[in-house]
Each structure stands twice: as C-alpha cells, then as structure tokens.
Amino acid sequence: MANAYDRIIGYDTIKAELMQISDMVKNPDIYRKIGAKLPKGILLYGRPGLGKSLMAKCFIEDCGLKTYTLRRNKSSEDFVDEITKAFRDAGKCAPAIIFLDDMDKFANEDEDHRDAEEYVAIQAGIDEVKDKEVLVFATANDIRKMPPSLKRAGRFDRKIEVDVPSEEDAHKIIAHYLSEKSLSEDVNTEDLANMISYNSCAELETIINEAAIYAAYDRKDKVEMEHAIKAVLTMKYRVPEDYNKTPGEEERKTAAHEAGHLVVAEALKPGSVGLVSIRVTGSEHREGFIHVCKEIDGEDDIMVSLAGKAATEMFYPEECTKGCSEDLDRASDAIRDYISIDAGAGIALLDVSVSKFSKMSENYVARNEAVVHAELERYMRQTRSILYKNREFLEKTVEELMSKGTLLYSDIRRIRESCG
Ligand SMILES: Nc1ncnc2c1ncn2[C@@H]1O[C@H](COP(=O)(O)OP(=O)(O)OP(=O)(O)O)[C@@H](O)[C@H]1O
Ligand SMILES: [Mg+2]
C-alpha cells in the first residue's frame, strides 16, 4: 500500500521518527492508556532545500487531520491576526494540526526577532491550545533567531535537524531525478554523485535539470555526461560557460597546485576526491579547485590544505608561490583549534577563540603563534614526504589536468591505480 512518506527519498531515521509521531496521532487511545502524551510541537530545521516542507506535508497527509497552514505572505499586523485566528479555530476543531512553514521568516529580517509580535502570538496560541489535541508542526532554516521561550520543551518537544543527504541517500536522490530524464549510456552516476555530494536535494534536482536543458539546447535526444559536467561546473563553481582557453604555463602552475591537494587527499583517504579542475571559477576568478566527496578530518585535512603549496614548490622551487594564502590560513586555523592546554609539558597554549578576543600579553600570543608556526612546518614536511612518495601520481595528474582541464572520480581512480 502506498505510504504518504514514500515521496521522501532516503532520510530513513527522520522518516521513522515522523512515522512514530503519526502513529500517536492516529492511535491516541493506545498511547493514552499507557500514559504517554503526544508531543505538543515538532520543529524541523536545517539549510534551505533539504526537504523540510516536503517531510511536513507527508506527515500531515499521513495524519489526515484538519490542518491550518501559516506562511508569511502579508503585512505584520494582518499576519499576527491570522496566527491568532488559526490557533483559536484549531482549538475548536481539535484534533487538528497547525503547520508553521518557514517559521524563522515570520518576523521581519532586519528586526531583533526575539520579541517579534508574530512569535509572541505563536507562543500565546500554543499555550491557549495546551490542553487540546492540537499539534504544532514548524519548519525553519535558522532557529537561533527564534526566542528560546518559544523553542523550549513543552512548546516544541521534538526538534529534528535535517542535514544534507548522506552519501547513500544522495545516490538514491540523484538516481530518482535521473530516472525522470532521457539519459545517454555514457552518464556515469557514480561520477555524477561524487561531483555533487554535500548538496541539498533542491540543488541536486536543479543541477540535473540544468543538464537536461543543455542537452535539449544542443538538440540531443539524450542527456550526456558532458552536459552533466557543464551543469555542475557552471552552477556550482560558476565557471564561465564560454570558457575555452588553451592551457599555458599559468594553467600548469594551477594544475600542479590542485594535483598536490588531490594526491595528498587520495594518499590519505583513497576515493575522497570527486572532482578536480583547473578551470577559472566565479567572479573572483579563483584558479582551480578540488571537490572532496568523503570527509577528511583532523590532521589529514591540514596536510591536504598544505599540499597545494608543497606541490607548487616541488615544480617551481624558484618561484614565490601564489594562491596559497587561503590554504595556509585554513591550515593555521585548524592547528590553532588543535592546540589546547598542554599541561603535561607545562606550556599553556591558547585556543584560537581565546587568542582572538582576549587582551593577552603580546608575548603570550607571540609564543603561541611560534608554536603554530612550528606545527605548520612539521605538517609541511609530512606533506612533502607524501608528495615525493607519490610523485608518479602527481605528475600524471598534472598532465591529465593539462589535457582535459577537469577530472572526475573515475579518472582519478584510474590514474591512482595506474601508478606503482
Ligand atoms: N528527500 C527528498 N526526496 C525527494 N525529493 C526531495 C527530498 N528532499 C527535498 N526534495 C525536493 O527538493 C525540493 C525542495 O524541498 P523543500 O521545499 O521541502 O525544502 P525545504 O527544506 O523546505 O527548503 P526551505 O528551507 O527553503 O523552505 C522539492 O522539490 C522537494 O520535493
Ligand atoms: Mg520549506
């Protein structure tokens, strides 16, 4: 039998949680008999486009109760009246659901939200229907903006965070959107999924649709891998569509830099890079990038950050390396985060948050920065050693980047496996 939740792809844990609450709503006597009370409010929160509204709609459909939906679409005064009226009506028609979609947008963006009339009205409404069977279901992007008194247990008992889809779920979502398109056989879904991991469902849907638009504009019957790559590069990395430059010496430097990041990432965690390109991106004309499709953590991430500079220095020892300051900042910040009180050694080292904001003596801060510098040097030596050990992988990657401009997950695996 079709289930209202079938429209949600993946997110099994959240679906299970919502299904359990639906069960309470549909079978209140079973829960009442044992003394279990229905949660008063459910708050789904997370980045835009992750499917919160979809999940809420599926929940509401499954419960089958009368629902009052509130979305801010009018002036503040009228909207406050609408909120008050919805709670009053829901109380009269209980059991019922009040659905507050995008609740963090209920108050004006530029005001201090905490005392906003809209939130006061919701809080009063929730308290008014406290003893009635009225369930409040809200979605929001940023719950930090909302008053703590509104978010507290008893008003919203269940706060469920919706995150970007897991790797497995992203594959399922991509397969679903691809199934709606006419696809050429050369479309490699694994490559595509690894290019666009860590994106929201809405972004995945839009990128795949954009690929289909490119294919139709080219008067092709089917979407080809080339269209998917173009859609990812232009939509995600803002690579200019008409970019068509023949790679020269500058591009070779970019290739060395990006290949450095890639080789160290792959050496420390094989299969972690989903895309690498030497194409110029965005309006700031940043040169090249890698997309990490499997999280690299801790010390390994510091070395991946330093690898661009280390590789550039290997190929161009005479030159002052450019484009590395962001990488160095990232690595330094990560090191500062690592450093805490080293009681054993008797040296008090500061956390970055402390060193940034306190009025420490200059000496103290300087000493900490010296430690950060020494750590950077140590990680840099390890990074260089990984690159020297993988020199063949590094050189082959540079050559392929020079000839193709962009390499995908399967290209990277092929190069890695071809090296001794
Ligand atoms: N898990 C999913 N399975 C299938 N489709 C999904 C899923 N998540 C999101 N979508 C689709 O992605 C699009 C955006 O989802 P939705 O509007 O629910 O996101 P949202 O989290 O409410 O975003 P916002 O915070 O901007 O309101 C919709 O077309 C929705 O159907
Ligand atoms: Mg929404």
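The values are calculated or read from the model by the stated rules, or taken from the named source; none is laboratory data. On a predicted model such as this, the values are computed, not experimentally measured, just so you know. Glycine gets a Cβ as well: all are built from the backbone with ideal geometry, and neighbour counts include every protein chain shown. For accessibility, only protein heavy atoms count, side chains too; no ligands or nucleic acids. Shrake-Rupley method; radii C 1.70, N 1.55, O 1.52, S 1.80 Å.
Points to keep in mind about this one:
- Hits in the range 47-73 (condition: away from ligand 2 (no atom under 15 Å from the Cβ), open to solvent by 30 Å² or more (accessible area, probe 1.4 Å) and not aromatic (Phe, Trp, Tyr)): GLU61, ASP62, GLY64, LEU65, LYS66, THR67
- Qualifying positions in the range 187-211 - among the polar types (S, T, N, Q), under 12 Å from GLY49 (Cβ atoms) and within 15 Å of the chain's Cα centre (by Cα): ASN199, SER200
- Among the candidates ILE42, ILE30, ILE8, the residue that is under 24 Å from the mean Cα position of the chain (by Cα) and more than 10 Å from ligand 1 (Cβ to nearest atom) is uniquely ILE42.
- Counted as qualifying within the range 116-196 are the helices (runs of 4 or more DSSP H) with 2 or more residues that are free of Cβ contacts under 8 Å to residues at least 24 places away in the same chain and within 15 Å of ligand 1 (Cβ to nearest atom), namely 167-179.
- Residue selected from the range 19-50 under the condition among the hydrophobic types (A, V, I, L, M, F, W, C) and without any contact (Cβ under 8 Å) to a residue 60 or more places away in the chain, by the criterion farthest from ALA175 (Cα to Cα): ILE34
- Looking at SER410, SER403, just one residue is of a type in the set (Gly, Ala, Ser), in the same structural domain as ASP300 (by TED's automatic domain parsing) and at pLDDT 95 or above, and that residue is SER410.
- Any hit, the range 13-25, residues being closer than 24 Å to THR206 by Cβ, more than 16 Å from ligand 2 (Cβ to nearest atom) and touching a helix residue (DSSP H, G or I) at 6+ places or on another chain (Cβ under 7 Å): yes
- Selection within the range 68-109 - under 23 Å from ILE21 (Cβ atoms), more than 16 Å from ligand 1 (Cβ to nearest atom) and in contact (Cβ under 8 Å) with a residue 24 or more places away in the chain: TYR68, ILE83, ALA86, PHE87, ALA90, GLY91, CYS93, ALA94, PRO95, ALA96, ILE97, ILE98
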